[in-house]
Every structure is written in structure tokens, then in C-alpha cells.
Amino acid sequence: MQRIPLLDLNAFYDPQSSTLDLKQLLCQLDETLSDTGFLCIKGTQVSPESVSFTQQTALAFFDQAQTDKDKVKAVRHANRGYTALSELGLSYAMDAADLKADRQAPPDLFERYRIGPVDEFSPALMAPFLTTAYAPNIWPTTPSNFTVTMQDYYRQMNRLSQDLLSLFALVLGLPVNWFSDKVDRSMGSLAINHYPAQLTPPLPGQLRAGPHTDYGTLTIVAPTAAPGGLQIRTRDGRWEDVHVDPGTFVVNIGDMMAQWSNDRWVSTVHRVANPDLSHGLAGRRLSLVFFHQPNPDAVIDCIPTCCGADRPAKYQSVLAGEYINAKINRHFKSYLAA
Ligand SMILES: O=C(O)CCC(=O)C(=O)O
Ligand SMILES: [Fe+2]
């Protein structure tokens, strides 16, 4: 029995829904965010057709010749553009003692396209972050609809994240717009992960994506239906599959939100398992992974309703941009070697 609940956001979006329905949604949210930090959602304003069109467009990019993909290769450790198979290991950036050994693990079996903010903010506010949070995107010329499709999907995910944060604010007893001015120039990024079919056994210890936590506020994942998927590590150390119904999204809490909430909510270690070799070509998988992050200059200081005399703040305040920069490059195999 899957312990990750599927929550229906209709109670939030539909003006006809009752206060009781909304209250129930807030309770379920708090419970699951405190338990695993993972949930599935439906009833969003993002259509399943739009998700599958975006996935098909992304697959068309990855189906191109390697030389074409290399034309939009991310320059050394820049988080924009294409990174090839075996360049990344999501477990490499982990500090936890129980994951450190994974730095020795072979790199992950996925290639990735990374897209940063797609909208302009005021030049004065963008200026300090033009090589980090607001670094320009790189766009391929083919498929010809790639740029507009990804920009559109990015904006939809950013909006959905803001709606989720409105719900989070209500759960925490804050005004519904409490997060708004901290995320209105979000530096979030869209990572498109392509996990090719596996026709030969991976190296010992090699996974589609190694064990890791995400860094930001929240992550929204839309995977294609394929074997070899997302797993979370339970508190007793077992790996549990996350079943994702078609047309729904996985949402999980990142490290920064765990810190912001004074560890009321959990950023759980997860990974992507290999498919059984018997699946052959049918084993390929793609996921659209939106990492929501606040404005680079947002101060991440214990959320007022998450600390008090009986629950002192556990973390020093930090700027969101500095927090992310300290972590983001460490996924690269070449960064470890440098
Ligand atoms: O592909 C997935 O389902 C999740 C990938 C993931 O955890 C990540 O990119 O951080
Ligand atoms: Fe992740």
C-alpha cells in the first residue's frame, strides 16, 4: 500500500468547494509534508495534454544526434542547457554521512536539459545575479517548438508552485500571500531528465539517479509512465516505489523548505531505480522536474509560526541565492575532480 497520498487541489481552486474540504486538504498536506515530504497531486490547472505535449517535445530533442545535442551543451558547471549521460551524479552533492560513500558511485544514467527563469525582472534587481540565478538560457534550434513549449511549461510550473505555497501558508497559519514577495522573482529551474532504455546491465552501484535530496522549496515532477522509477527512502531505510497515476504530479519538499519550516517538514532522500533489463527499449523514461526556488535575495529565516519559545530556530538565516549556489555545482563529476 502506497503511503504517499494523492491530494486533489480542487478544494483550493473551486470556489464552490466547502471550507470543510479545504480544511481537510490542509490537514492532509501537513500530515504528509511532516511524514515523508512527498505527495501526488491532481486537480491542478495544468492540463494532462500540455504535460504530455511537453514530454513529447523533450523526447524529440533527446532523439537527435549527439552532435546536435552537444551544440547546446552546458558550459562547465553552468546550469543551463544540455548535459550528456554520465556527467552527473545526484548523490555527489550529499553531505549526510550515510550518503557520502556514494561519491564513489559511478555517474547517473540520465542526460538532462536545464532551463532557468524565462521572464525578465527589473534590470536593477537582476544585475547582481546575471551569472547565477538569472544566467541567460541556452536554446536549441531544433525541435523548432522546443523554446516556446518549455517557456510555457516553466511558467505553468512556476504558477502551480506559487499556488502550492499559498496552500503551505494556510497550513502554517500564515496569510495566504505570505510567500508571495519572497518568490515573485523566483530563480527556479526546469530540469528535463531523459533516462535512456537500458539494454546492457549498468555498472555495479550505478542507478538512473543516485540517492539525493532536492535543494529548493519544492519540486514538481511529471514522469512518463515507464518502468524504473522514483523511490523514496523510508525512515527505517527501505526503498519504496512512488506510483504516479497518469495525469498527476509528484510534489516533494526540498532542503530549503525543510530549513525554512524549522524541520517541521521533511526533505526526504529519493533516487531513480533502473528498469528490469527485460523491458528493453520500452524501458526508457523521461521526467519534467521543476525545482522551485525563492528570489535569490530572499532571506530564509525560520517561518514565524514554525518557531517559538518551545521550538527555537535551528538554523541561521541565509540568502536563498547563496544557499543554492553552495550546492548546485556539486552534481558534476568534473566538479568533484577539480
Ligand atoms: O525522474 C524523477 O522521477 C526524479 C528525478 C529527481 O529526483 C531529480 O532530478 O532531482
Ligand atoms: Fe530529486
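Okay, residues lined up against (1) in contact (Cβ under 8 Å) with a residue 12 or more places away in the chain; (2) in contact with an Asp or Glu (Cβ under 9 Å, 6 or more places away or on another chain); (3) surrounded by 14 or more Cβ atoms within 10 Å (Cβ to Cβ):
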| site | (1), (2), (3) |
| --- | --- |
| Arg3 | yes, yes, no |
| Leu9 | yes, yes, yes |
| Pro15 | no, no, no |
| Glu49 | no, no, no |
| Do we have Ser261 as in contact (Cβ under 8 Å) with a residue 40 or more places away in the chain and closer than 18 Å to Ala222 by Cα here? | no
| request: Name the residue, out of Gln24, Gln66, that is free of Cβ contacts under 8 Å to residues at least 60 places away in the same chain, among the polar types (S, T, N, Q) and within 28 Å of Asp241 (Cβ to Cβ). | output: Gln24
| Since Thr131 meets every condition but one in (1) surrounded by 15 or more Cβ atoms within 10 Å (Cβ to Cβ); (2) in a loop (DSSP other than H, G, I, E, B), which condition does it not meet? | (1)
| Residues in the range 197-219: is at least one within 19 Å of the chain's Cα centre (by Cα), assigned to a helix (DSSP H, G or I) and small (Gly, Ala, Ser)? | no
| Can you name every residue in the range 222-269 that is of a type in the set (D, E, K, R) and closer than 30 Å to Leu59 by Cα? | Arg233, Glu240, Asp241, Asp245, Asp255
| remark: Only one of Arg285, Arg264 is modelled with pLDDT of 95 or more and within 16 Å of ligand 2 (Cβ to nearest atom), namely Arg285
| field | Single condition Gly43 does not satisfy, out of (1) surrounded by 15 or more Cβ atoms within 10 Å (Cβ to Cβ); (2) out of contact with any helix residue (DSSP H, G or I) (no Cβ under 6 Å at 6 or more places or on another chain) | value | (2)
| task | Go through the range 214-251 residue by residue and tally those that are of a type in the set (Ser, Thr, Tyr), within 14 Å of ligand 2 (Cβ to nearest atom) and modelled with pLDDT of 95 or more. | result | 2
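Residues are listed down the side, and each one gets a yes or a no for (1) surrounded by 16 or more Cβ atoms within 10 Å (Cβ to Cβ); (2) farther than 23 Å from Phe249 by Cα; (3) within 16 Å of ligand 1 (Cβ to nearest atom); (4) not acidic (Asp, Glu):
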{"position": "Gln104", "(1), (2), (3), (4)": "no, yes, no, yes"}
{"position": "Ile115", "(1), (2), (3), (4)": "yes, no, yes, yes"}
{"position": "Ala124", "(1), (2), (3), (4)": "no, yes, no, yes"}
{"position": "Phe146", "(1), (2), (3), (4)": "yes, no, no, yes"}
{"position": "Tyr154", "(1), (2), (3), (4)": "yes, no, yes, yes"}
{"position": "Leu160", "(1), (2), (3), (4)": "yes, no, no, yes"}
{"position": "Leu165", "(1), (2), (3), (4)": "yes, no, no, yes"}
{"position": "Leu174", "(1), (2), (3), (4)": "yes, yes, no, yes"}
{"position": "Met187", "(1), (2), (3), (4)": "yes, no, no, yes"}
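The values are calculated or read from the model by the stated rules, or taken from the named source; none is laboratory data. None of the values given here were measured: they were computed from a predicted structure. Reconstructed Cβ throughout: ideal geometry from the backbone, glycine too, with neighbour counts over all protein chains shown.
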